[in-house]
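Q: First the structure, then my questions, so here it is.
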Amino acid sequence: MDLGLRGKTVLITGGSSGIGKVTAKRFLEEGALVAICGRDRNRMTAAVGELCKVGSEVIGEVANVDSPQDIARLVDVVVTKFGRLDIVVSNAGTHLPGTIEDISVQRLEQHFRTKVFALWELARQVLPHMRKQGGGRLIAIIGQAGKVPGDQVIGSAAVNIAQHAIVKSLADYAGKDNILVNAVCPSRIASPLTEHLALNGDELLGRSFEQQQTGWGRQVPLGRRGVVEDIANAVLFVASERASFLCGTNIDVDGGYQRTIL
C-alpha cells in the first residue's frame, strides 16, 4: 500500500532512540525527508549515522524541548533545510511512576514541561507553516496512563490527560485548515523506556524479565509485548494519505490491553 509519504518532510522529537528512532527509520523507508532531535549530542550523532544507512535525507539537531527557544530554532532549521514541514511527531518525554507521595511538585512540573508545554510550543511554531502550505499532520505519542489511571501512575496520568486535551482542542482549531491532529497511545511495548520499569507495581526481585512477562502477558489478549515497530507503523498510517479523515482521534497500540469502551 502506498502511504503517500514520499517527499514529505517529517520532524520527530525524542528521535535519537526507542520509538522515535524506529519511527524515523520507517519514514525514511517510505521516502520521506526526516529531521530528528534529542538532548544528547553523542546519541544524536550515533542515531543519524544509523539512519543515514536507510536514507540520505536525514538531519539531527540537539535541542531541549523544555525550551521554547530551542523549539523555535528547531522548526526554523527544518523549514530552512527542507523548505516545508508536513508532519510533526511529538515523542519526547518519559514515564513518571510513583504515588502522589513519591512525586514532588517540582518533578511533576518538569514532566509537564517536557510533554505538555513542549507539545503546546511545537503546535504554536508549526501551525503557521502548515497553514501556509495548505495542511499537515501533528501526531502526539501519549502513554496510556491518561486513559487508564492508577495509584502508581498518577503523575503520568495527569500529564497524559493534558496532552489528550490539547490534541482534541487543536484538532477542532486546525482541522478547517487541513491540519490533522491525532494521538498514538502505546502500552505494553518493549522499548528502552520500559526496560527498567516494574511491571504491575512489582519489582523484579531477581527474576528475569521473561519470567515477569509471563504474568504481564495475561493482561494482553495477544499474550505478548509489542515492539517499537508496532508504534512506528501506527504513526506512519496516521501520518499518511490513507488516514485523511482521522482528526482528533487517538489510537491505542497495546495488544488489546485497554478494556474501556469510551
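Q: With springs connecting C-alpha atoms under 10 Å apart, model the chain as a Gaussian network and identify which of 55, 150, 14 has the largest mean-square fluctuation.
A: Of the options given, 150 has the highest mean-square fluctuation.
Q: Another question, if that's okay. Charges at C-beta only: +1 for Lys and Arg, -1 for Asp and Glu. How large is the resulting dipole of the chain about its Cα centre, in Debye rounded to 20?
A: Numbers: 29 positive and 27 negative charges, 104 e Å.
Value, rounded to 20: 500 debye.
Q: Still on this model: Report the extension gain between residue 6 and residue 176 in nm, rounded to one decimal, defined as 0.36 nm multiplied by the number of residues separating them, less their alpha carbon distance. Before the final figure, lay out each step's value.
A: On the way: separation 170, 0.36 × 170 = 61.20 nm, distance 2.43 nm.
Full-extension gain reported as 58.8 nm.
Q: Turning to a different aspect of this structure: Stokes-Einstein diffusion coefficient for region 25-78 at 10 °C in a medium of 1.306 mPa s, Rh from the Kirkwood formula over Cα pairs: what value in µm²/s?
A: Numbers: Rh = 11.5 Å.
Estimated diffusion coefficient is 138 µm²/s.
Q: Whose amide H sits under 5 Å from the amide H of residue 61, counting only residues 5 or more places off or on another chain, with H placed in the peptide plane?
A: Here the answer is 36, 37, 38, since their amide H atoms fall under 5 Å of that of residue 61.
Q: Run through the DSSP bridge list for the chain and note the antiparallel percent, rounded to the nearest 5. Intermediate values should be presented prior to the final figure.
A: Values: 1 of 31 bridges.
Beta bridges within the chain, antiparallel portion: roughly 5 percent.
Q: If you don't mind, there's one more thing I want to ask. With unit charges on the beta carbons (Lys and Arg positive, Asp and Glu negative) and the dipole taken about the Cα centre of the chain, which residue among 251, 261, 74 sits farthest to the positive side?
A: Value computed over the given set: 74.
Q: Using Cα springs under 10 Å in a Gaussian network model of the chain, which residue among 114, 99, 249 shows the largest mean-square fluctuation?
A: In this elastic network of the chain, the residue with the biggest mean-square fluctuation among 114, 99, 249 is 99.
Q: Could you pull out every whole DSSP H run in the chain that spans at least 27 Å of Cα extent along its own axis and averages 0.5 or higher on the Kyte-Doolittle scale? Mind dumping the intermediate values first?
A: On the way: long enough: 154-174 (30 Å, 0.74).
Result, helices passing both filters: 154-174.
Q: Using a Gaussian network model of the chain whose springs link C-alpha atoms within less than 10 Å, name the residue from 134, 226, 146 with the highest mean-square fluctuation.
A: Of 134, 226, 146, the Gaussian network model singles out 134 as fluctuating most.
Q: OK, next. If you rank 117, 27 by fewest surrounding Cβ atoms within 10 Å, what's the result? Show your work: numbers first, answer last.
A: Numbers: 117 17, 27 31.
Exposure proxy ranking, most exposed first: 117, 27.
Q: Which one of 159, 93, 127 is farthest out on the positive end of the charge dipole of region 52-170, using unit charges on Cβ (Lys, Arg +1; Asp, Glu -1) and the Cα centre as origin?
A: 127
Q: On to the next question. Counting only Cα atoms, I'd like the Rg/Rh figure for region 35-137, Kirkwood definition for Rh.
A: Reported Rg/Rh (Cα atoms, Kirkwood Rh): 1.03.
Q: So what is the orientation-averaged projected area of region 1-49, using the convex hull of its C-alpha atoms, in nm²?
A: That works out to 3.2 nm².
Q: Report the Stokes-Einstein translational diffusion coefficient (µm² s⁻¹, integer) for region 66-120, Rh taken as the Kirkwood radius over Cα pairs, at 20 °C with viscosity 1.002 mPa s.
A: Values: Rh = 13.0 Å.
So the translational diffusion coefficient is about 164 µm²/s.
Q: How large are Rg and Dmax for region 64-189 when calculated on the C-alpha trace, in angstrom?
A: 15.2, 48
Q: As a check on your grasp of the helix formula, calculate [θ] at 222 nm for the chain: sum -39500 (n - 2.57) over DSSP H runs of n ≥ 4, divide by the residue count, round to the nearest 500. Working shown, then result.
A: On the way: 8 runs with 104 residues, N = 262.
My calculation for the chain gives -12500 deg cm²/dmol from helical runs alone.
Q: Quick one: order 1, 130, 44 by neighbouring beta-carbon count within 10 Å, fewest to most.
A: 1, 44, 130
Each value in this text was obtained by applying a stated rule to the coordinates, not by laboratory testing. Quick caveat: nothing in here was measured; it's all calculated off a predicted structure. Counting neighbours? That spans all protein chains shown, and the Cβs are built from the backbone with ideal geometry, glycine included.
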